[in-house]
1. So, of the residues in the range 240-284 that are of a type in the set (Phe, Trp, Tyr) and under 24 Å from residue 139 (Cβ atoms), which turns out to be farthest from the chain's Cα centre (by Cα)?
2. Say we look at the range 24-75 and pick out the residues that are in contact with a strand residue (DSSP E or B) (Cβ under 8 Å, 6 or more places away or on another chain), farther than 23 Å from residue 108 by Cα and part of a loop (DSSP other than H, G, I, E, B); which of these is most open to solvent (accessible area, probe 1.4 Å)?
3. Quick check, is residue 96 modelled with pLDDT under 95, on the phi > 0 side of the Ramachandran plot and not β-branched (Val, Ile, Thr)?
4. Checking the conditions here, which among 239, 253 is assigned to a strand (DSSP E or B) and buried (at least 22 other Cβ atoms within 10 Å of the Cβ)?
5. Among the helices (runs of 4 or more DSSP H) contained in the range 94-212, which hold 1 or more residues that are surrounded by fewer than 20 Cβ atoms within 10 Å (Cβ to Cβ)?
6. Within the range 190-211, can you find the residues that are in contact with a Ser or Thr (Cβ under 8 Å, 6 or more places away or on another chain) and of a type in the set (A, V, I, L, M, F, W, C)?
7. Here are some conditions: (1) surrounded by fewer than 21 Cβ atoms within 10 Å (Cβ to Cβ); (2) closer than 11 Å to residue 159 by Cβ. Residue 282 meets all but one. Which one does it not meet?
8. Report yes if residue 325 is closer than 15 Å to residue 186 by Cα and at pLDDT below 95, otherwise no.
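The values are calculated or read from the model by the stated rules, or taken from the named source; none is laboratory data. Just so it is clear, the structure is predicted and the values come from calculations on it, not from any experiment. Using ideal geometry, Cβ is built from the backbone for each residue, glycine included, and neighbour counts are taken over all protein chains shown. Note: accessible area is taken over every heavy atom of the protein model, side chains too, but ligands, DNA and RNA are not part of it. Shrake-Rupley method; radii C 1.70, N 1.55, O 1.52, S 1.80 Å.
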Amino acid sequence: MHRSIISVITMTLISQFLFSQIEYHDFEYDGITRDYIVFLPQEYNSLTEFPVILNLHGYGSEAESQMTYSGMNSVADTAGFIAVYPNAVDNVWNSGISDIPIWLAPDVDDVGFISALIDMLDMQFSIDLNRIYSSGMSNGGFMSYKLACELSDRIAAIASVTGTISQETAENCDCQRTVPILQLHGTADPVVPYSGPVNGWYSAQQAVEYWVELNSCSDSQTTPIPNFDPTDGCTVVKFLFPDCDDNSEIVFFRINNGGHTWPGATVDINPSLYGNTNHDINANHEIWSFVSNYELNRTIGDLNQDGVLDVLDIVEIVDCILGDPAENCLYGDVNEDGIVDVIDVVQMVSLILGR
């Protein structure tokens, strides 16, 4: 009896401790209150800079559901990264999919919001700005591809689960660096078909081919994944595209007969509507295993990303102070006081002169 009571108390304390790692935050961006959920691993402390994985929900979903469904918190707790679940306006990311009438999206600056979110996370928590990653389900995957194109100076690598890249995003892609890509997609996906629609977005295979060409990767290496769960109705083949630019890779998990689902999810969401959930792999493990290989290697003060601190960086810091909305202004905060001002210029001069 006493042992049972102690066990219940212990489990309650553990549950409360784990729950305390989940925080709810919001801030105003472009006149709209944007909110997000943050999961801090048990080892989190303010003396260490932790990597961050953004986990973006699907079309019509929301952050809480994505957190629960994907189950990424357990991997974040073990691996030691911060998982962040932002909410889209009207539950839809403006990821370029609205060219197809049935997939309307609000006309908001979600790329700018994610960039502002990274700034906010940097003020609130101890994060590693060189190790910020984006992942997402469906519409969240589309958005992650858009971030790869438009926020490559801040996102080190991305992973898309059941999402692909819109034609609008692909045609206007402006990567500032090589972005490593992980794609997971089922061949029987009824929502974002593996073969893609006639227009509007690329098929899963086309999306992979697009990035393979963009990143100048070598031919693929094919590896069948063991069928650990023969009852899940699907199997997995891994395609690795090595030797891409900047020592990066592209990885594609093709889930044969897989549906519009998150591999390894503990809850199989309505198989009759969304198809099979694969349990031979776990998306969270694969995402972390992939993205954790990459970081930006950015240096505070090196605004033009040329690897050298010089007068050109000072010019860009001055532009930031004068109100130029440069994406690299964050790296102009040389003294790390949260403000880019003349003191940072003075410190940059000292750094350049070797003082």
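1. In the first step, residues of the range 240-284 are kept if they are of a type in the set (Phe, Trp, Tyr); the result is 241, 252-253, 262, 274.
This time we only want the ones that are under 24 Å from residue 139 (Cβ atoms), so: 252-253, 262, 274.
Values: 252: 16, 253: 17, 262: 15, 274: 23 Å.
Checking each candidate, the answer is 274.
2. 49
3. Values: modelled with pLDDT under 95: yes; on the phi > 0 side of the Ramachandran plot: yes; not β-branched (Val, Ile, Thr): yes.
It is true that residue 96 is modelled with pLDDT under 95, on the phi > 0 side of the Ramachandran plot and not β-branched (Val, Ile, Thr).
4. On the way: 239 fails: buried (at least 22 other Cβ atoms within 10 Å of the Cβ).
253 is the lone residue from the list that is assigned to a strand (DSSP E or B) and buried (at least 22 other Cβ atoms within 10 Å of the Cβ).
5. Values: elements: 110-124, 139-150, 167-171.
Output list reads 110-124, 167-171.
6. 191, 192, 201, 204, 207
7. Every condition holds for residue 282 apart from (2).
8. Details: closer than 15 Å to residue 186 by Cα: no; at pLDDT below 95: yes.
So residue 325 does not fit the description; no.
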